[in-house]
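Report on the following structure.
Please treat every number below as a calculation from the coordinates, not as lab data. Just so it is clear, the model here is predicted, and its values are computed rather than measured. Every residue, glycine among them, receives a Cβ derived from its backbone with ideal geometry; neighbour counts consider all protein chains shown.
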Amino acid sequence: MSPLNEVRRVLDYAVTEIPPEKILMGMPNYGYDWMLPYASGTAARTVGFVEAIELAQRFGSEIIFDERSQTPYFNYVENGVRHVVWFDDPRSIKAKLELVNEYDLAGVSYWTINRCYVPNWLILQDMFDIVKL
């Protein structure tokens with residue numbers, strides 16, 4: 001995941017080394033489901049945004065919006081194992097996309113484009129002219 005505060009940190013540096021009009025900001029199209037406590041060397045399971053919401057519903061988890069990172073997350077327990085899931089929602093997607101204009105970037109590039117999350121595309125379409133490269 002890409003917490004907004006960390007994305008800003010990377011962009012603050014990147015624009016000092018690369019002309020902003022040459023930068024495409026990476027946009028994740030997935031979230032992470034981490035087992036807790038975190039153990040070094042373990043990997044999180046990737047989840048689509050729709051899958052994350054369905055997982056929260058299935059376990060009756062409250063989705064919390066972290067203001068600092070501008071990112072939603074929730075906790076759940078399955079078979080005695082604690083998990084935390086971080087993912088994007090319309091609020092976090094919009095906050096990240098607003099950085100394109102703030103930093104005068106060339107645009108964004110999505111990773112794992114094959115995971116459909118309709119709100120993402122509606123926000124993107126509302127904010128920008130979309131050009132396939």
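For this structure, a couple of remarks:
- Considering only alpha-carbon pairs that sit under 8 angstrom and 6 or more positions apart, the relative contact order computed for the stretch 17-133 is 33 percent.
- When the Gaussian network model of the chain links Cα atoms closer than 10 Å, the mean-square fluctuations of 100, 118, 50 top out at 118.
- Of 120, 101, 75, the residue with the greatest mean-square motion in the GNM of the chain, using alpha carbon springs below 10 Å, is 101.
- Of the chymotrypsin sites (Phe, Trp or Tyr not before Pro) in the stretch 1-92, the ones in a loop by DSSP (not H, G, I, E or B) with at most 12 other beta carbons within 10 Å are 38.
- The phi torsions of the stretch 60-71, fed into the Karplus equation with coefficients 6.51, -1.76 and 1.60 and a -60° offset, translate into couplings of x, 8, 7, 7, 10, 9, 7, 5, 4, 8, 6, 9 Hz, rounded to whole numbers, with Gly and Pro shown as x.
- Restricting the stretch 41-133 to GluC sites (Glu not before Pro) in coil, as DSSP defines it, with at most 14 other Cβ within 10 Å: 62, 67
- Compared with the dominant principal axis of the Cα atoms in the chain, helix 118-127 is inclined by about 20°.
- From phi via Karplus (6.51, -1.76, 1.60), per-residue ³J(HN,Hα) for the stretch 20-33 in Hz, x at Gly/Pro: x, 5, 9, 9, 9, 6, x, 10, x, 10, 7, x, 10, 10
- Scanning residues 5 or more positions from residue 23 or on other chains, those with amide H under 5 Å from its amide H are 106, with H placed 1.01 Å from N in the peptide plane.
- Under the Karplus curve 6.51 cos²θ - 1.76 cosθ + 1.60, θ = phi - 60°, whole-Hz ³J(HN,Hα) for the stretch 90-106, x wherever Gly or Pro sits: x, 5, 6, 4, 4, 4, 5, 5, 5, 5, 4, 6, 4, 9, 6, 7, 5
- When shorter helices are ignored and each DSSP H run of at least 4 residues is given -39500 (n - 2.57), the per-residue value for the chain at 222 nm works out to -11000 deg cm²/dmol.
- Note on residue 54 and residue 40: the extension gain reaches 2.3 nm, defined as 0.36 nm multiplied by sequence separation minus the Cα-Cα distance.
- Along the axis of the charge dipole computed for the stretch 76-133 (Cβ charges of +1 for Lys and Arg, -1 for Asp and Glu, origin at the Cα centre), the listed residues 127, 87, 106 are led at the positive end by 87.
- GNM flexibility winner over the chain from 92, 69, 40 (Cα, springs under 10 Å): 40
- At an R0 of 25 angstrom, the distance between the Cβ atoms of residue 111 and residue 75 translates into a FRET efficiency of 0.50.
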